Amino acid sequence: MVMAETKNKNQAYLEMDDKYVNPVLSRSARIVAERASGSYIYDMNGDAYLDLSTGIAVNSVGHCHPKVVAAAKAQLDELMHTSVTVHHKRYIELSKKLTEIAPSKRLDSVFLTNSGAEAVEGAMKMARYVTGRPAIINFRGSFHGRTMFTTALTTSKLYYREKYEPLPGSIHTALFPYEYRSHFRGQPEKVVDEVFENIDMLFHQFVHPEQVACFLVEPIQGEGGYIVPPQGFLPRLRELADKHGIMLVIDEVQSGFARTGKMFAIEHEGVEPDIMLMAKAIAGGLPLAAFISRSDLTHKWPAGRHGSTFGGNPVSCAAALATIEVMQEEKLCERAHKLGEMMMSRLKAFAKGKDYIGEVRGRGLMIGIEFNDKDGGPSKELADKVAERCFEHKMIVLTCGNAGQVIRLIPPLTMSDSEAEKALEILEKSMTF
Ligand SMILES: Cc1ncc(COP(=O)(O)O)c(C=O)c1O
């Protein structure tokens, strides 16, 4: 979706962008960001945009948090890059920190990468190597990245896959419990039962469970539509994984780092992953990602079997250490929970009696609003219209969902009460038809 063009000072740059930037790179809002601070992005005219997109769930501590900026600047003066030639202390400190905040004490061994997709790739290589099994089971509606292998693992939209065939194989896709669009809407246990019947069918028709290295799943689907699976789905998946010696890989790239009111969304389910993926908000805006696992597993993966030139860059690691400190000092889990509850209950009250708003859902400050057409089907048209209207009111929101029918709200967790109030007012105006 491309929004209305803003003329004047942005214009010269937008024209250069049109000329020099590969047009495959789509941007949601047609403004040129000059600077950003807290909850706002400022364009080249000096206009302030309230940012409920946070660079797709990255700027969770707000744009350019002073502590994160200071840590990165100090690190720049000290050490910028080493790669795998030598050890460096920020990599080691951050690895230790990630094991301390991980949802289980048994997750005690860390590998750092540059992007979420690279973390997924590394984790898939590890799962195959360590189990000696080829197959991976992913879920319908998932998003795991844009590299060739993660494209094969992504099923949120055909648009991300078509014309890239042949894609890597040995990937089998199970149903995800998307209750709102299920024929068992209102019966969450049946929605979950259907998923496990579907996996059982995969085991009988496509791949023997002993050939499966891992299940790869988002604890809350992001790009797929901000879909929270019914309680019980993830614990049951853990049980099934254990029964067959299959690893459970949890993708917290979008849901992690306090976004849902806990440091990681999987904590809401009390489930222990074998591998957990982290990225996006980890370094407050600098590129960094990670996967964490158990040392009894990682020690089965010999040195040099995987690596990265830039992964675990010292400046990104310093920013990540500062970001995690900010999240803890400013109690951003509690903040996400409290503000999320407030926003969600107000949005639910607003949606009452409006058939075109199908569902308001989410956890913490990971909130999705799903729109319906006249027949109750998914409405991209309405979601786009709402996003456009928000932009006219100088607020940036993104859409998601298999048909683009969901508005996703991913504000900074540091957003003030008055900013939240302003965001809700703009949303309510924009969602009035
Ligand atoms: C759940 C999930 N996994 C993986 C990725 C890929 O991350 P990146 O864009 O950093 O490669 C994304 C990106 O949106 C994501 O939401």
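The values are calculated or read from the model by the stated rules, or taken from the named source; none is laboratory data. If you're wondering where the values come from, they're calculated on a predicted model, not measured in any experiment. Counting neighbours? That spans all protein chains shown, and the Cβs are built from the backbone with ideal geometry, glycine included. Protein only, heavy atoms only, side chains kept; ligands, DNA and RNA dropped before computing areas. Shrake-Rupley method; radii C 1.70, N 1.55, O 1.52, S 1.80 Å.
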**Request:** Take the Cα of E341, step 7 Å along the line toward its Cβ, and report every residue of the stretch 204-245 whose backbone nitrogen sits under 17 Å from that point.
**Result:** none
**Message:** If a paramagnetic tag sat 7 Å from the Cα of I92 along the Cα-Cβ line, which residues of the stretch 288-319 would have the backbone N under 19 Å from that point?
**Reply:** 295, 303-304, 311-319
**Request:** Run the quick spin-label model on T147 and E381: label points 7 Å from Cα toward the beta carbon, then report their separation in nm to one decimal.
**Result:** 4.1 nm
**Charge-dipole axis of the stretch 9-112 as Lys and Arg at +1 and Asp and Glu at -1 on Cβ define it, positive-most pick from L52, G62, V84** = V84
**Complete:** Of the accessible area of the stretch 66-329, computed with a 1.4 Å probe and all protein chains kept, carbon and sulfur make up a percent value of 54 percent
**Message:** Placing +1 on the Cβ of each Lys and Arg and -1 on the Cβ of each Asp and Glu in the stretch 66-329, which of F111, G186, V271 has its Cα farthest towards the positive end of the resulting dipole?
**Reply:** F111
**Request:** Just grab the label-to-label distance for K331 and K300, each label 7 Å out from Cα along the Cβ direction, in nm (one decimal).
**Result:** 4.3 nm
**Request:** Compute the length gained on full extension between K73 and N198: take 0.36 nm times their separation in residues and subtract their Cα-Cα distance, giving the result in nm to one decimal.
**Result:** 39.9 nm
**Item:** Unit charges on C-beta of K, R, D, E only; dipole of the chain, Debye
**Value:** 340 debye
**Message:** Could you compute the net charge surrounding V191? Neighbours are other residues with a C-beta less than 15 Å from the C-beta of V191; K and R count +1, D and E count -1.
**Reply:** 0
**Message:** Keeping every protein chain present and rolling a 1.4 Å probe, give me the accessible area per residue for the stretch 66-329 in Å².
**Reply:** 43 Å²
**Asked** Length gain on complete extension for the stretch H393 to H244, per 0.36 nm per residue less the alpha carbon to alpha carbon distance?
**Response** 48.4 nm
**Fill in**
Given backbone amide H placed at 1.01 Å from N, residues whose amide H is under 5 Å from that of T154, ignoring those fewer than 5 places away on the same chain, are H144
**Prompt:** What length, rounded to one decimal in nm, is gained on full extension from K105 through to S37, with 0.36 nm per residue of separation minus their alpha-carbon distance?
**Reply:** 20.9 nm
**Asked** Which value, in debye to the nearest 20, gives the size of the charge dipole of the stretch 55-157 about its Cα centre, when Lys and Arg are +1 and Asp and Glu are -1 at the Cβ?
**Response** 340 debye
**Prompt:** Among residues other than M263 whose Cβ falls under 12 Å from its Cβ, what is the net charge (Lys/Arg +1, Asp/Glu -1)?
**Reply:** 0
**For the stretch 66-329, with +1 on Lys and Arg beta carbons and -1 on Asp and Glu, the positive-most of I136, L297, Q75 along the dipole** = Q75
